[in-house]
Protein chains: 2
Amino acid sequence: MNVTNQPQINPDVESIPYADRKKILDATRGRTDLADLSSGNPDVPMPPHIRERLREEVEAGYAPYTHYYGIPELRTRIAQYLRDTCAITVDPDSGILVTQGVQQALYLVLRTILRRGDDVIIPSPHYANYDLDPVASGGRPILVPLDEKDGFAPDPGRLERAVTPRTRAILFSNPNNPLGVTWYSSTLDTVADFARRHDLYVLADEVYRDFHPERLTSIAALPGMKERTFVFNGFSKSHFMMGLRTGYVAGPAEVIDHVKQLHYVVALCPSYLGQKAALAAFDCPRNQLEPIYAEFHSCLELLYDRVSGLPGVTCVEPDCGLYIFPNVSRSGLTSLELSLDLIEEAGVITLPGTEFGPTGEGHLRLSVCAGREQVELGVHRLERRLMELTSNSQDGGMVDE
Amino acid sequence: MNVTNQPQINPDVESIPYADRKKILDATRGRTDLADLSSGNPDVPMPPHIRERLREEVEAGYAPYTHYYGIPELRTRIAQYLRDTCAITVDPDSGILVTQGVQQALYLVLRTILRRGDDVIIPSPHYANYDLDPVASGGRPILVPLDEKDGFAPDPGRLERAVTPRTRAILFSNPNNPLGVTWYSSTLDTVADFARRHDLYVLADEVYRDFHPERLTSIAALPGMKERTFVFNGFSKSHFMMGLRTGYVAGPAEVIDHVKQLHYVVALCPSYLGQKAALAAFDCPRNQLEPIYAEFHSCLELLYDRVSGLPGVTCVEPDCGLYIFPNVSRSGLTSLELSLDLIEEAGVITLPGTEFGPTGEGHLRLSVCAGREQVELGVHRLERRLMELTSNSQDGGMVDE
C-alpha cells in the first residue's frame, strides 16, 4: 500500500504537469554552437555596489539564520520602495514577507488562499509557472486568452465568462513576461473593477517594474484594491541577483499572517547573503543600473525591429523587459516543432509560445538575456530559417494571406 | 465569501500551530543583558576556505539561476559523500535534490508522500518543526514519547501501538536535536525492522552527522531500507552556513521525481552562492573544521557537567552536537513558566522543552551555540536561579523525592 508497491503520491503533486521545456533542453544537450534567444538569465554581473557589500559580508564570514520573515531593516526598505514607487502603504511587520524569490512567494500565497477545487484566473499566455501553482495546491488554473490584436490587453467579456462560484483570484505579471507588454492605468482599472465586483484576490507579479522607464501604476494602489491585492517583487531581474533567490510579497495582513506560518514550515528563513544583497540593492547608485537597462532595451528594440520586419511575422511592440512574443504561425509548424527545428536546422534556441499556455500556439518567446552578440547572431539565424520555412510552406501550397 | 468578509484560509495552512517560541522572543525583546543558552545559530564564521571561494564568486559577480534540482557537480559530490560516509549508493541525477535547507526538503517530501488524513510517526521530543510539516500537508503527526530513562531510545511497543492503517512514515533526527543523543546501529535496526514490517517511509534528518567523532551508521544503509528511506542533510550546521540555506534530500528515484516537480513550483532553483559554498565545503580542509567541532564539544561537556550536577536535575549525556535536554521538573514550574522565569529573574534565555513536543514538559533545551563565554555566564545564572527555585518549592511544601 505504500512503498513496496507503486508509491502513492499526493494527487495534487502528481498533477503538476511537466513543461515542454524539457524537450527543448534535451535537444540542446551537448551543443555549444547554438545562439541563445531563450534564456531567462540576464548575462550581466551584479552591480559593483552590491558586489562590494557582499564582499564585506563574506570577509566578516558570518552566515546566521535571519528573522523568519526577513531582516526587519530589509522589510522597512521594501515598505519605503512600495510607498515611493508604487504608492502603496504597507506595514513592514504585518504586511511584508521576504521569500526565496517571487516563485516561492506565489506558491505560499496560493497554497494559503486556495481550497480544494478553487479557481484562479490567469490571463494567458502567462509566465510558465503560474498555472502550476494552483494545481500544486489542489486548485484549477482558468486560462483566459489574451489576443495579439488587442495588444495582449484582457478582454472584459472573456474575464466575466471565466468566473465560477469557486473563483478566488486573478494572477498576472505586469510588465508581462513572456509578452513584453505593460498594462497601464486604464487596463488595470478594468481588471480592478472586475476583481472588486467578483470579490477576488489579485496577485500582481511586478518583478519587471524597474525595467520600465516610467513610474508604473500598481493595481494595489487603485481604490478598494489594497485589501485584496498581493504585490510580488524581488531583486532577481532589477539587480541581476537571480541566483540569490530573494523576493517578497506585500499584502493584506490577515492573510499574510497565515502565509508567514506556511513560510516558516517551507523555508525557515530567507538567505542571509541574499537579503544583505537586497539591502545593498536599495542603495545601489542609479548609474550602475541605468546603462544595463538601456543596453537591454536597445537589444529588445533591435530584436523587435528585425523580427517584426520578417515576412508573415507579426509582433506586438514590447514596452520594456527582456522578451518579445512574435506570431510565427505562418511557418506552417507548431510552436514546439518550430522551436525544435530552429535548434536542429538553424542553431538557435528559442522557447515555444506553448511553454506559456496553449494560447501561445503559433508564437515564440524570444529573449535578449544573453546579450547583444547572441541577439544579433540569433536573429540572423532565425531570419534565414524562417524565410526558408515560409517559402517551403508556400511551395507546399500554403496560402500567403 | 472571499475578501470582503473574513478571509477563507486553506484549512491545512490555518491548522499550522504557533510555537511557544514567540512568547520567549517577546520576553527577550529589548534585553541586551541576557546570557544565551537558547540559540540555534552557532556563533562562528564560515571556514576560511569557504569564504575564499565565496569571495572569488562575488568578485566575478555573476549570480545566475542554476539547474532547477541543484548544480550537477554539487549533486555528484553529495552522492560521493553519501557513498563514502553513509555507505549509501544514490544516483546524483535521479535520487538527489538540492533545496533551501533541510527544512524545505522535509516539507517537499512530506507534501509529496502524504495524502489527506495520513499519519506520520514522530518520536518525541523532536525538532520543533517536524510536527508542523504533516499538518501543513493535511496529515497528522503521531508523537511517540521517548523516555529519559531509556536514554531517549524509542520503545518498540510504543511504536507498534502508534501504527494505524494511515501510517505512512516515521520522521526523526539522528544525531538528535533537541535531545543531544545519537541512535546507533542496534537502535536503528529496531526502527528499520519496524518500518519494513509496516511498509513505511523513513525520513532521517542527519544534519548533525558531521559533529559526531565516529562514522555513524545511516538507517538508509541497513538491509531493505534504501528504497524506503529519505536522508536529509545540509551545510548549515556542519560548515556554519546556516543563512546560506543549502540542504538536500536523497531518496528513492520514483518519489524524488515528484518531489522535484513540487520543488520547481515552490523554489525554481536553490541559491547560486549557497551551492557554490556547498561545493567549497566538500573541499574544506579538516583542520578548519575539527577545532570548531572540538570547541563546541568541550562547551557541551562543560554544560552537561554543570547542569547534570545540580540538585534535583537529571540529564541524559549528549553524544555530540550543540544541545542538552535536562529534566528540571523539580523546579515546580512548567517548562514555559521556568523558561520565562529564567529570562525575568536570572537573565538567561533557554527554550522550554515543550517547544519540542508535549513530552518535553519538565525539560529545557540548552544550547552551546552562542559560545563558551555565554555558556559559562548562562550556566552560572541558571544554577543560581534553579537552586533558589528548588529551595523555594521545598519551602512551599513540595516533596523532595
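The values are calculated or read from the model by the stated rules, or taken from the named source; none is laboratory data. In this text the structure is predicted, and so the values were computed from the model without any measurement. Positions of Cβ are generated from backbone atoms using ideal geometry, with glycine treated the same way; all protein chains shown enter the neighbour counts.
Scanning region A:278-301 for residues that are within 14 Å of chain B (Cβ to nearest Cβ) and farther than 16 Å from residue A:44 by Cα yields A:278, A:279, A:280.
Residues checked against (1) under 19 Å from the mean Cα position of the chain (by Cα); (2) closer than 20 Å to residue A:322 by Cβ; (3) within 14 Å of chain B (Cβ to nearest Cβ):
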| residue | (1), (2), (3) |
| --- | --- |
| A:128 | yes, yes, yes |
| A:141 | yes, no, yes |
| A:146 | yes, yes, no |
| A:151 | yes, yes, no |
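Based on what the data block shows, is residue B:38 farther than 20 Å from residue A:241 by Cβ and in contact with a Leu (Cβ under 6 Å, 6 or more places away or on another chain)? Talk me through it step by step, then tell me what you get.
On the way: farther than 20 Å from residue A:241 by Cβ: yes; in contact with a Leu (Cβ under 6 Å, 6 or more places away or on another chain): yes.
Yes, satisfied.
Got at least one residue in region B:322-343 being within 14 Å of chain A (Cβ to nearest Cβ), surrounded by 24 or more Cβ atoms within 10 Å (Cβ to Cβ) and either on the phi < 0 side of the Ramachandran plot or modelled with pLDDT under 95 (or both)? For region B:322-343, residues within 14 Å of chain A (Cβ to nearest Cβ), surrounded by 24 or more Cβ atoms within 10 Å (Cβ to Cβ) and either on the phi < 0 side of the Ramachandran plot or modelled with pLDDT under 95 (or both): present. Surrounded by fewer than 18 Cβ atoms within 10 Å (Cβ to Cβ), hydrophobic (A, V, I, L, M, F, W, C) and more than 12 Å from chain B (Cβ to nearest Cβ) - does that describe any residue in region A:68-81? Within region A:68-81, not a single residue is surrounded by fewer than 18 Cβ atoms within 10 Å (Cβ to Cβ), hydrophobic (A, V, I, L, M, F, W, C) and more than 12 Å from chain B (Cβ to nearest Cβ).
Any residue at all in region B:277-298 that is among the hydroxyl-bearing types (Ser, Thr, Tyr) and in contact with a strand residue (DSSP E or B) (Cβ under 9 Å, 6 or more places away or on another chain)? Give the derivation first.
Going through region B:277-298, the residues among the hydroxyl-bearing types (Ser, Thr, Tyr) turn out to be B:293, B:298.
Among the residues that remain, those that are also in contact with a strand residue (DSSP E or B) (Cβ under 9 Å, 6 or more places away or on another chain) are: none.
No, region B:277-298 contains no residue that is among the hydroxyl-bearing types (Ser, Thr, Tyr) and in contact with a strand residue (DSSP E or B) (Cβ under 9 Å, 6 or more places away or on another chain).
Only residues that are free of Cβ contacts under 8 Å to residues at least 12 places away in the same chain and farther than 24 Å from residue B:143 by Cβ were counted across region B:299-355, and they come to 3. The residues of region B:193-214 that are without any contact (Cβ under 8 Å) to a residue 40 or more places away in the chain and crowded, with 23+ Cβ neighbours inside 10 Å, listed by number, are B:195, B:202, B:204.
Can you tell me how many residues in region A:263-272 are facing chain B (nearest Cβ under 7 Å), in contact with a Phe, Trp or Tyr (Cβ under 9 Å, 6 or more places away or on another chain) and touching a residue at least 40 places away in the same chain (Cβ under 8 Å)? Spell out the reasoning first.
Just the residues of region A:263-272 that are facing chain B (nearest Cβ under 7 Å), to begin with: A:265-268, A:271-272.
From what's left, in contact with a Phe, Trp or Tyr (Cβ under 9 Å, 6 or more places away or on another chain): A:265-268, A:272.
Restricting the remaining residues to those that are touching a residue at least 40 places away in the same chain (Cβ under 8 Å) gives A:266-268, A:272.
The total comes to 4.
Residue B:181 falls short on exactly one of the conditions (1) within 14 Å of another protein chain (Cβ to nearest Cβ); (2) at negative phi; (3) part of a loop (DSSP other than H, G, I, E, B), and that condition is (1).
One residue alone among B:211, B:194 is under 22 Å from residue B:120 (Cα atoms) and not polar (S, T, N, Q), and that residue is B:194.
From the list B:182, B:112, B:164, B:217, the one residue that fits, being surrounded by fewer than 18 Cβ atoms within 10 Å (Cβ to Cβ), at pLDDT 95 or above and out of contact with any Gly (no Cβ under 8 Å at 6 or more places or on another chain), is B:164. Output the residue which, of all residues in region A:18-51 that are free of Cβ contacts under 8 Å to residues at least 24 places away in the same chain and within 14 Å of chain B (Cβ to nearest Cβ), is farthest from the chain's Cα centre (by Cα). Top of the filtered list is A:30. Scanning region A:207-252 for residues that are within 14 Å of chain B (Cβ to nearest Cβ), part of a strand (DSSP E or B), under 13 Å from the mean Cα position of the chain (by Cα) and within 27 Å of residue A:193 (Cβ to Cβ) turns up just one, A:232.
Among (1) within 12 Å of chain B (Cβ to nearest Cβ); (2) under 30 Å from residue A:249 (Cα atoms); (3) crowded, with 17+ Cβ neighbours inside 10 Å, there is one condition residue A:3 misses while meeting the rest; what is its number? For residue A:3, the failing item is (2). Going through region B:96-117 one residue at a time, which ones are part of a loop (DSSP other than H, G, I, E, B) and either within 9 Å of another protein chain (Cβ to nearest Cβ) or basic (Lys, Arg) (or both)? Within region B:96-117, B:100, B:114, B:115, B:116 meet the criteria. Take residue A:90 and decide whether it is in contact with a strand residue (DSSP E or B) (Cβ under 6 Å, 6 or more places away or on another chain) and not in a loop (DSSP other than H, G, I, E, B). So residue A:90 fails the test.
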